[in-house]
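Single-structure report; data block below.
The values are calculated or read from the model by the stated rules, or taken from the named source; none is laboratory data. These figures come from a predicted structure and were not determined experimentally. For neighbour counting, all protein chains shown are included, and Cβ atoms are generated from backbone atoms with ideal geometry for every residue, glycine included. With ligands, DNA and RNA removed, areas are computed over all heavy atoms of the protein, side chains included. Shrake-Rupley method; radii C 1.70, N 1.55, O 1.52, S 1.80 Å.
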Amino acid sequence: MFTKSTTISALAGLAAAAPTHPTPAPSPNIFSVTINRSGSPIQFAGVSAKGYSFNVNNGTGTFCPSGVTDCSTVGNTTVFAYNPNSQTLSMDAVVPGSQRAFVRKDGSLGFTVPHSGAILEGASTGPFQFTPQETDGTVGKLLFATRGFNACSAGEGMC
C-alpha cells in the first residue's frame, strides 16, 4: 500500500496540534513526516506537533473540541498539508482555520494558534517546497527556502 509519509533529514523544534483526519485525504500534498537519518537514534521517528513547536519523540499535543467532530474517530498523528500555489505549510486539521507552519527567527519550526494567522515577529511562512514520494519505498522531500531541516535537542537553538 502506498503510504503518505515524507522523510526528511531531520527537523528542528515542535507544537500543540488539532486532531488529524481519521483517514488521510487522497492528495499527495497531505503527509506525515518521518526522520531519515541512518544510524541515528531518531531514525524513523515521527515528527509531532506539541506546544506550538514540532518535535521528535516527545508526543503530540492533540486538541479535539467537543461538538465539532467525534473525538473518538481522530488520532494523535501530526499530518501536514502543503499548498503548492502559495508554497505554505499547515497542519491538516479537522477544525476550520487550520494551523499554519512558520520558521521562527532562530530557525526553529513552529505553528500558529488554532483559528489565528498570527505569527511571531521575524518569523516567515514561506517559501516551503514539498516533493511528494512517487511510489511506495521512495521518500518525499520538505524544504524551507531551499534548505532542509536539522533536529536539535530541546533548548539547543540552532544546531
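Scanning the range 125-142 for residues that are among the aliphatic types (A, V, I, L, M) and surrounded by fewer than 16 Cβ atoms within 10 Å (Cβ to Cβ) yields a single hit, Val139.
Taking the condition of being part of a strand (DSSP E or B) and among the hydroxyl-bearing types (Ser, Thr, Tyr), how many residues in the range 59-88 meet it?
The number of residues fulfilling the criteria is 3.
Regarding the range 107-120, can at least one residue be identified that is of a type in the set (S, T, N, Q) and open to solvent by less than 30 Å² (accessible area, probe 1.4 Å)? Yes, there is a match, as at least one residue in the range 107-120 is of a type in the set (S, T, N, Q) and open to solvent by less than 30 Å² (accessible area, probe 1.4 Å).
Against the numbered list (1) under 21 Å from Leu142 (Cα atoms); (2) open to solvent by less than 40 Å² (accessible area, probe 1.4 Å); (3) at pLDDT below 85, Pro24 comes up short only at (2). Within the range 35-55, one or more residues are in contact with a Lys or Arg (Cβ under 7 Å, 6 or more places away or on another chain), open to solvent by 30 Å² or more (accessible area, probe 1.4 Å), within 17 Å of Asn150 (Cβ to Cβ) and not aromatic (Phe, Trp, Tyr). The number of residues in the range 78-126 that are farther than 20 Å from Ser27 by Cα and not aromatic (Phe, Trp, Tyr) comes to 23. With respect to (1) modelled with pLDDT under 75; (2) at negative phi; (3) of a type outside the set (Ser, Thr, Tyr); (4) surrounded by fewer than 14 Cβ atoms within 10 Å (Cβ to Cβ), the lone exception for Gly67 is condition (2).
Out of the range 120-147, which residues are small (Gly, Ala, Ser) and part of a strand (DSSP E or B)? Ser124, the sole residue that qualifies.
Looking at the range 102-119 only, could you name the residues that are outside any loop (DSSP other than H, G, I, E, B) and over 22 Å from Asn36 (Cα atoms)? Explain how you work it out, then say what you get.
Filtering the range 102-119 for residues outside any loop (DSSP other than H, G, I, E, B) gives 102-103, 109-111.
Passing the criteria: only Phe111.
Out of the range 113-141, which residues are among the hydroxyl-bearing types (Ser, Thr, Tyr) and modelled with pLDDT of 90 or more? Those that are among the hydroxyl-bearing types (Ser, Thr, Tyr) and modelled with pLDDT of 90 or more: Ser124, Thr125, Thr131.
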